[in-house]
Amino acid sequence: MTGKLEEMIGNLKDIVGEEWVVTKREYMESYLRDETPDALRPSAADDLILVKPSSTDEVSQILKAANEMRIPVFPVGGRTGLVGGCVPTERGIILSLERMNKIAVDKENLMAVAEAGATLGDLIKAADDADLFFPLHPGDEGAQIGGLISTNAGGVRAVKYGVMRNYVKGVEVVLPTGEILNLGGMLLKNNTGYDLMHLIIGSEGTLCVITKAVIKLYPKSGYSVTLILPFESRADAIGTVPQILQSGVVPLAIEYVGIKELNMAAEHLSEEWPVQTGSAQLIIILSGASEDEVYSACERISEIAEKNNAYEAMIAETREEQERILRIRSNIYTALKSRMVDILDVTVPMSRLGDLMNTVDEIAKNYGVYLPVYGHAGDGNLHIHVMKEDGRIPGYVKEIKNEIYGAGIRLGGVITGEHGIGKLRIKEFERFLSEKEKSLMKEIKRIFDPNNILNPGKIFPQG
Ligand SMILES: Cc1cc2nc3c(=O)[nH]c(=O)nc-3n(C[C@H](O)[C@H](O)[C@H](O)COP(=O)(O)OP(=O)(O)OC[C@H]3O[C@@H](n4cnc5c(N)ncnc54)[C@H](O)[C@@H]3O)c2cc1C
């Protein structure tokens, strides 16, 4: 390590203490990557320092020093992202807030104050211990609060209460220049000028470092069940979704998955998927104040499904069985990962999901390839996997992806509804957004981060 970076090591040791500054490559390996499939994951730079502050004040001092010395800083969370967003792609500092992981639940206000390094698993548990509930469940519980907010994570249980943005009521952040800002609070209403907090949510570590957040919790529902509805035809399964929502029943989750992918995930976990009828299945999670309320919702859904040619539904009632179903569903990505080039997360209006799936089928047929699809059907958010061929990245990957993105846009959608732009989708960001949108976003980045030290080369092309 040479020059400015060498000098920075001493500064960092002064700020956080010697034991929290890591310079040996072998001790930072797991901080150099995220969960992006190997085929496309960007490589980490050679010269890197890993630093683990214990307070917002330390984060502020680190950013101030890095800004003065024009050294790039890469905030990392649980490194579960799928677009290379946290990968330190230039020589500089990896900033991990894992030591800042306290959570305090305020029962009266139904909110938690969580430090950015606490994990999704920690938050779910803290809410549960306080007899409350944090419904959102993006698949990997190792994700951290800072990462969940920076990516505006979604996931399975987003139909009833929305995505991460809908939970965040306040944030404490440190700007790349070192100033600390507190935005929002334990508030359900806040119209004080431009909403900087919501600008920061989803900004993928490019505008500021999130150090703490106020997060809305919900009462534990008295009762919850998971329904599996099997269909022979995918069109019938997908067509059922708007009808369920129109009926006034609002499930926590409505997922569409093919039996083939469910069986692969179950096998990957050495488990068995409990329903083997029907090639196309909907997984529906329902919650309510009483058994009666949930069962009448179940009946309503079963009637609608029957009219759409569903086979007999399975109802999972015990917590263990429901957790097993969610675990298998959450592991489809992991089961496919080693054979995958990329996972897309195109999102369209919910009613156009069937059209998007049909277009993906046509693309798969034209190229003669297997493109597994499944997704958050209640949100119009489809995961489409582009697979390797004979263990290699096929030459047509770029064309296939562009055709899928183009179809999504034509159907009134966006290229990403969950994972964000990160390092992987910069070309698509450049291609599918208007010039004005891009220039406004670049200006905003410049105002927050005048020297471009925070997560440079992400969302926007470098330079
Ligand atoms: C099996 C699996 C299933 C998944 N399912 C879903 C899903 O259903 N829905 C979904 O939305 N995502 C899903 N994901 C993706 C991922 O879990 C989410 O994007 C998650 O929010 C990332 O959080 P993280 O802490 O791991 O962030 P990281 O991957 O560490 O970082 C992500 C981004 O956040 C920034 N960042 C991290 N911490 C901070 C901070 N404190 N301040 C500022 N910026 C910060 C990083 O710089 C980076 O740009 C899944 C991933 C896996 C592996």
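None of the figures in this text is laboratory data; all of them are computed from the coordinates on show. These numbers come from a predicted model, not from an experiment. Counting neighbours? That spans all protein chains shown, and the Cβs are built from the backbone with ideal geometry, glycine included.
The count of lysine pairs in the range 296-436 with alpha-carbon distances below 19 Å, taking only pairs 8 or more places apart or on different chains, stands at 14. Note on MET69 and GLU323: with the Förster distance fixed at 56 Å, the Cβ-Cβ geometry gives a FRET efficiency of about 0.70.
For ASP128 and LYS398, the difference between the fully extended length at 0.36 nm per residue and the C-alpha to C-alpha distance is 92.8 nm.
Dipole orientation for the range 193-236: of the candidates SER221, MET197, SER233, SER221 has the Cα lying most toward the positive pole (charges on Cβ; Lys, Arg +1; Asp, Glu -1). Charge dipole of the range 1-92 (Cα centre as origin; +1 on each Lys and Arg Cβ, -1 on each Asp and Glu Cβ, all else neutral): 180 debye, rounded to the nearest 20. With both labels modelled 7 Å from their Cα along Cα-to-Cβ, the SER302 to THR334 distance reads 3.2 nm.
Can you tell me the equivalent ellipsoid semi-axes for the chain? Use √(5λ) from the Cα gyration tensor, largest first, whole Å.
Gyration-tensor ellipsoid for the chain: 38, 26, 20 Å.
Of the peptides 102-112, 434-444, 381-391, 197-207, the order by per-residue mean of other Cβ atoms within 10 Å, starting with the highest, comes out as 197-207, 381-391, 102-112, 434-444. Think of the range 97-197 as a dipole: +1 on every Lys or Arg Cβ, -1 on every Asp or Glu Cβ, centred on the Cα centre; then among LEU175, VAL159, ALA114, VAL159 lies furthest on the positive end.
Please tell me the relative contact order of the range 1-104 in percent, rounded to the nearest whole number, where contacts are Cα pairs under 8 Å and at least six residues apart. It would help to have the intermediate numbers written out before the result.
Numbers: 164 pairs, mean separation 35.0, N = 104.
Relative contact order comes out at 34 percent.
Within the shell defined by Cβ-Cβ distances under 15 Å, the residues around ASP14 carry a net charge of -4, with Lys and Arg each +1 and Asp and Glu each -1.
Give me the percent relative contact order of the chain, please, defined on Cα pairs under 8 angstrom at least 6 residues apart.
Working: 965 pairs, mean separation 75.5, N = 463.
Computed value for the chain: 16 percent relative contact order.
Sequence-distant or interchain residues sharing an amide H contact under 5 Å with THR211, placed H: which? Distant-sequence amide H within range of THR211: GLU172, VAL173, VAL174.
Add +1 for every Lys or Arg and -1 for every Asp or Glu among the other residues with Cβ under 15 Å from the Cβ of ILE180, and state the total. Walk me through the intermediate numbers first.
On the way: positive: LYS64, LYS212; negative: ASP57, GLU58, GLU115, GLU172, GLU179.
Net charge around ILE180: -3.
Number of Lys-Lys pairs in the range 12-143 with C-alpha atoms under 22 Å apart and a separation of 8 or more places or on different chains: 8. Ordering GLY10, VAL249, MET314 by the projection of their Cα atoms onto the charge dipole of the chain, which places +1 on the Cβ of Lys and Arg and -1 on the Cβ of Asp and Glu, puts GLY10 at the extreme positive end.
So what is the 222 nm mean residue ellipticity for the chain from helices alone, if each DSSP H run of at least 4 adds -39500 (n - 2.57) and you divide by all residues, rounding to the nearest 500 deg cm²/dmol?
On the way: 15 runs with 160 residues, N = 463.
Calculated from helices alone, the mean residue ellipticity at 222 nm is -10500 deg cm²/dmol.
Please work out the FRET efficiency for the pair GLU6 and LEU199, using the Cβ-Cβ distance as r and a Förster radius of 45 Å; give the result to the nearest 0.05.
On the way: r = 36 Å, r/R0 = 0.79.
Efficiency, from the Cβ-Cβ distance: 0.80.
Counting only Cβ charges, +1 for Lys and Arg and -1 for Asp and Glu, the dipole size of the range 357-412 around its Cα centre is about 120 debye. Taking 0.36 nm per residue of separation and subtracting the Cα-Cα distance, full extension of the segment from LYS260 to ASP14 would add 83.1 nm.
Quick one: work out Rg over Rh on the C-alpha atoms of the range 119-231, Rh as Kirkwood radius. Walk me through the numbers before you get to the answer.
Details: Rg = 15.3 Å, Rh = 15.1 Å.
Result for the range 119-231 is an Rg/Rh of 1.01.
Dipole check for the chain: with +1 at the C-beta of Lys and Arg, -1 at the C-beta of Asp and Glu, and the Cα centre as origin, the magnitude is about 1260 Debye.
Judged by the mean number of other Cβ atoms found within 10 Å, the most tightly packed of the peptides 363-374, 32-43 leads the ranking 32-43, 363-374.
Taking 0.36 nm per residue of separation and subtracting the current Cα-Cα distance, fully stretching the chain between GLN462 and VAL369 would add 30.1 nm.
Could you list the trypsin sites (Lys or Arg not before Pro) in the range 115-183 that lie in coil according to DSSP, counting only those with at most 15 other Cβ atoms within 10 Å of their Cβ?
Values: sites: LYS125, ARG157, LYS160, ARG165, LYS169; in loops: ARG157, LYS160.
Here no trypsin sites (Lys or Arg not before Pro) fit, given the DSSP loop and packing criteria.
Applied to the range 105-117, the Karplus parametrisation 6.51 cos²θ - 1.76 cosθ + 1.60 on θ = phi - 60° returns per-residue 3J(HN,Hα) values of 9, 9, 5, 4, 8, 6, 9, 10, 9, 10, 6, 5, x Hz, with x for Gly and Pro.
3J(HN,Hα) along the range 17-31: x, 4, 6, 9, 10, 10, 10, 7, 4, 5, 8, 10, 3, 6, 8 Hz, from the Karplus curve 6.51 cos²θ - 1.76 cosθ + 1.60 with θ = phi - 60°, whole Hz, x for Gly and Pro.
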